[in-house]
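What follows is a short report on a single structure.
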Amino acid sequence: MFINKLRRRISNSKPLLKIWSISLKKDFCRAGLLKDYCWSKIEPSFIVSTGRTGTKFLATFFNRYCKDTLSLHEPSPTMFYLGTDFIKGNISFREASNGFDIQRLHICRRLNKNNIRFYIESNGYLSSLIPVINVFYNNAKFVYIIRNGKDYVRSYYSKRPSNKGYYALSDESPMKGINSNDFLDDRFYGQWDNMSRFERVCWIWVKRNQMIESSLTEDISWIKVRFEDIFSNGCTGLWEIIDFLDLRNQIKIDSSETVKILADALNINKKYLLPKNFKDWPDDKKDIFEEICGEYMEKSGYR
């Protein structure tokens, strides 16, 4: 715990972010030095989303059922603070890139020490850093998972960290990420402090998906998969991801087994603050959801 806190403080140090040299480190790697901290023999992939999209399960699945693969869910440091600073304009592109390199040095060393070829990071916080990650690597792949906004809002609105008294996006939450006041062109600019927690959750679903889609340009290797196609519909979405990441030969189970594994993964009782069916939500919340999310829901094909 102490080491992780220390690493996060070092990696978020503004002076270090300014003087760190990725190009110099790569020169050392090409010269055969610092070989444990070079990514040249590793194939990195990143699963990004708004969160509440099964990213933790996917990390566990690939780690357990793929050979020659290390798959992690939100490894420490999670990149939450780095990504937030980058989006808010508090650090430059170069500083964000340096911070990313520093925060993943320990993972790079672990991969090289164990001669692991495939690295998969399943981490919604990386959604703010897609352009940075794409420039940092020359072979990165991105899997973008989108989920029906109604299911996302119901899940995230009900989310409360273990042993904590606050809910996600409440004023009491210590994790202060992006909000509508960070974007001058946002139609909710200047309104964040007066928005209800439910309105904030709806806004986050739209904004984070928009940010991801705008970052995934043609020069990036990426695929978009629906959450619903991963955990239902014969798990076709999961096998689409497997093929995109070139992991078909690494998988130790067949398609029939994946259906059972995913069914078991979803058989979890949770307490929700909203009914499962949208038609049973309170009328005021249905109206708010339609006002904030309706247009993007239609654009995403979820109507």
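Within the range 34-73, take every residue that is free of Cβ contacts under 8 Å to residues at least 60 places away in the same chain and not in a loop (DSSP other than H, G, I, E, B) and give me the one that is farthest from the chain's Cα centre (by Cα).
Among those residues, the one meeting the criterion is ARG64.
Here are LYS252, LYS207: which of them is at pLDDT below 95 and charged (D, E, K, R)?
Checking each option against the conditions leaves just LYS252.
For SER170, state whether it is touching a residue at least 12 places away in the same chain (Cβ under 8 Å) and touching an Asp or Glu at 6+ places or on another chain (Cβ under 6 Å).
Answer is no for this residue.
Scan (1) farther than 28 Å from ASN277 by Cβ; (2) hydrophobic (A, V, I, L, M, F, W, C); (3) touching an Asp or Glu at 6+ places or on another chain (Cβ under 9 Å) for the single condition LEU216 breaks and write down its number.
For LEU216, the failing item is (3).
Quick check: anything in the range 80-96 closer than 21 Å to SER221 by Cα and within 14 Å of the chain's Cα centre (by Cα)? Break it down stepwise before answering.
Start the filter on the range 80-96 by keeping residues that are closer than 21 Å to SER221 by Cα, which leaves 83, 93, 96.
Of the ones still in play, those that are also within 14 Å of the chain's Cα centre (by Cα) are 83.
Checked the range 80-96: at least one residue is closer than 21 Å to SER221 by Cα and within 14 Å of the chain's Cα centre (by Cα).
Anything in the range 113-130 that is buried (at least 18 other Cβ atoms within 10 Å of the Cβ) and either more than 20 Å from ILE251 (Cα to Cα) or within 13 Å of the chain's Cα centre (by Cα) (or both)? List them, or say none.
ILE120, GLU121, SER122, ASN123, GLY124, TYR125, LEU126, SER127, SER128, LEU129, ILE130
Only one of these is closer than 30 Å to LEU169 by Cα, among the aliphatic types (A, V, I, L, M) and without any contact (Cβ under 8 Å) to a residue 60 or more places away in the chain: VAL225, VAL259, VAL201, VAL206. Name it.
Selected residue: VAL201, the only one of VAL225, VAL259, VAL201, VAL206 that is closer than 30 Å to LEU169 by Cα, among the aliphatic types (A, V, I, L, M) and without any contact (Cβ under 8 Å) to a residue 60 or more places away in the chain.
Considering only the range 224-254, how many residues are in contact with a Leu (Cβ under 9 Å, 6 or more places away or on another chain) and of a type outside the set (Lys, Arg)?
Final tally of qualifying residues: 8.
The values are calculated or read from the model by the stated rules, or taken from the named source; none is laboratory data. No experiment lies behind these values; they were computed from the predicted model shown. Note that each Cβ is placed from the backbone with ideal geometry, even for glycine, and that neighbours are counted across all protein chains shown.
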